[in-house]
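Below is one structure; the comments refer to it alone.
The values are calculated or read from the model by the stated rules, or taken from the named source; none is laboratory data. All of these numbers come straight from a predicted model, not from anything done at the bench. A quick note on method: Cβ atoms are made from the backbone with ideal geometry, for glycine too, and the neighbour counts reach across all protein chains shown.
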Amino acid sequence: MRKYFIPTTIFVLLIIGILIIWKPYHWWLALLFVPLIILGTIDFFQRGDTIRRTYPLFGRLSNFLEKQRHVLQEVLLLNRTEGKPFNWIQKEIVYKRASNTVVSQPFGTQISYKKFGREWILHSQYPKQNVEENFKINVGSSLCEKPYLCSILNIGGMSYGSISKNATLALNGGAKIGGFAQNTGEGGLTAYHNKYGADLIFQFGTGYFGCRDENGDFDDEKFEQICQNEFVKMIEVKISQGAKPGFGAILPAKKNTDEIAKYRGIKAHTEIYSPAYHSSFSTNDELIRFLDKLRHLSKGKPIGIKLCIGRESDFKSMIEAFSKQSKFPDFITIDGGEGGSGAANLDSLQWVGSPLDGALHLANQTLISYGLRKEIKLFVGGKIISSFDIFKVFALGADACYSARGMMFALGCVQSLKCNLNTCPTGITTMNAGREASLVVSDKKQKVANYHKNTIDGLKEILIATGITNIQQISKAMIARKLNERETVLLSEIYPLDNDVLC
């Protein structure tokens, strides 16, 4: 193709020139072909893209299809059970619940019961008539002065900057309507988090955005001011997250606008690096002292930590330190390795971090073994979409959960996987004003509230079907998993309590 480009280009130009000289009204041919010839010539001489160099002009079509590959697959090629990381069935559950439309489906399940790993709930022969449950939990240990009555389903951490202004506003409005909490993410507390007056869980990570000094270290005074905000109900220190545990992050200069810089306490239009580690603590003893300081500065609000579990010994040693010193957080958020609503390092995204099921079971039994289970609440995050997802994590020991990508679907996310490119077609993860304007806050905030309400109602229906009246009665023995062609086991067999826990 390359060797024919120059002769073909010369031939086309000659034909166009002859036609224009012969009959001048053919000038429009120049407008049609000359721009294409210019693009082809650029492709011919550039050296960075082999396909475009070999196939001038036509190579651009290949590049376009490659960039839109996932979108084309999602829309045209995949069936209802094939999409990744969420298939159409999962997305449709959110879309329908967010829109308050029909949530039934005809003709039976499309998820094969023959598939290994398939899970299902073991219902009761005699369902209950009602559920004695308000789906709220009280977060606050014996060390906490201001416990918070929290919904069991809340908005996962998504900072302003990773999601747009309108997305932040819609989530805040939906949380206010539905009576649940919005986690701010680690990008600082903004005016958009205060707009509708929803309860907030203020999160900060290694960058200490919103509560950092000019050197990037934790600033006591700024943190104390944030905690005086009446809408801030709890504090969450992000030690690590599921998509990139143990990895740092970079905020590109082009996304570091004046407004984002103001809220994060950084210099605008510069590249900002968040380290993989905290400068305020690097040992269990230092973590405990830091949490004590936060408890004091916040005037007794619930303090929690968020982490993705790596080495089992590290987690157990931390809980042991909490137990020995009788000082501990009010809640721990376990983020599964399958979590992540934003961009992450390619290696960490695929191969670092423990998946949620085993990590949650480990966290639960470790807290029990050290006598801290009644003191510390367990929050979880990682692909929480449906009522069954909530039921399952409760069976494994959770007290409450976050949903980030579920809430994004409620906002209209189509899983185009362009969150890190600033080209999100739905206006959720972009700072582009034109794209952001497509997200209508008044419509989407109601859909966020609908999704929350209908998901909780779905959980209520599951409780009724299983013959129990509250979430405390959910157990691992109520969920079965198909292991292979001949074996089906209960979650209680896969994740039994260790002997030391039972003693």
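Worth pointing out:
- Of all the numbered requirements in (1) modelled with pLDDT of 95 or more; (2) buried (at least 19 other Cβ atoms within 10 Å of the Cβ); (3) in a loop (DSSP other than H, G, I, E, B), residue 371 misses one, and that requirement is (2).
- Filtered residues of the stretch 260-293 (kept if within 22 Å of the chain's Cα centre (by Cα) and either polar (S, T, N, Q) or not in a loop (DSSP other than H, G, I, E, B) (or both)): 260, 263, 264, 272, 273, 274
- Boolean, residue 139 is at pLDDT below 90 and over 30 Å from residue 257 (Cα atoms): no
- Against the list (1) outside any strand (DSSP E or B); (2) surrounded by 19 or more Cβ atoms within 10 Å (Cβ to Cβ); (3) in contact (Cβ under 8 Å) with a residue 60 or more places away in the chain, the condition residue 413 fails is (3).
- Selected residue (criterion: surrounded by the most Cβ atoms within 10 Å (Cβ to Cβ)) from residues of the stretch 221-249 that are more than 18 Å from residue 379 (Cα to Cα) and under 16 Å from the mean Cα position of the chain (by Cα): 244
- Residue in the stretch 312-321 that is modelled with pLDDT of 95 or more and either at positive phi or in contact with a Cys (Cβ under 8 Å, 6 or more places away or on another chain) (or both) present: no
- Residues being touching a Lys or Arg at 6+ places or on another chain (Cβ under 7 Å) and either farther than 30 Å from residue 145 by Cα or outside the structural domain of residue 191 (by TED's automatic domain parsing) (or both) - total across the stretch 251-296: 1
- Residue in the stretch 294-322 that is surrounded by the fewest Cβ atoms within 10 Å (Cβ to Cβ), counting only those that are in a helix (DSSP H, G or I) and among the basic types (Lys, Arg): 316
- Of all residues in the stretch 278-293, those that are crowded, with 16+ Cβ neighbours inside 10 Å have Cβ atoms under 6 Å from Cβ atoms of residues that are aliphatic (A, V, I, L, M), 6 or more apart or on another chain, in 281/287; 284/318; 284/321; 291/303.
- Yes/no for residue 387 being in the same structural domain as residue 338 (by TED's automatic domain parsing), farther than 20 Å from residue 473 by Cβ and either of a type in the set (Ser, Thr, Tyr) or in contact (Cβ under 8 Å) with a residue 60 or more places away in the chain (or both): no
- Boolean, residue 146 is in the same structural domain as residue 449 (by TED's automatic domain parsing), out of contact with any strand residue (DSSP E or B) (no Cβ under 7 Å at 6 or more places or on another chain), of a type in the set (Lys, Arg) and surrounded by fewer than 17 Cβ atoms within 10 Å (Cβ to Cβ): yes
- Residue 90 being assigned to a helix (DSSP H, G or I) and either more than 18 Å from residue 202 (Cβ to Cβ) or not aliphatic (A, V, I, L, M) (or both): yes
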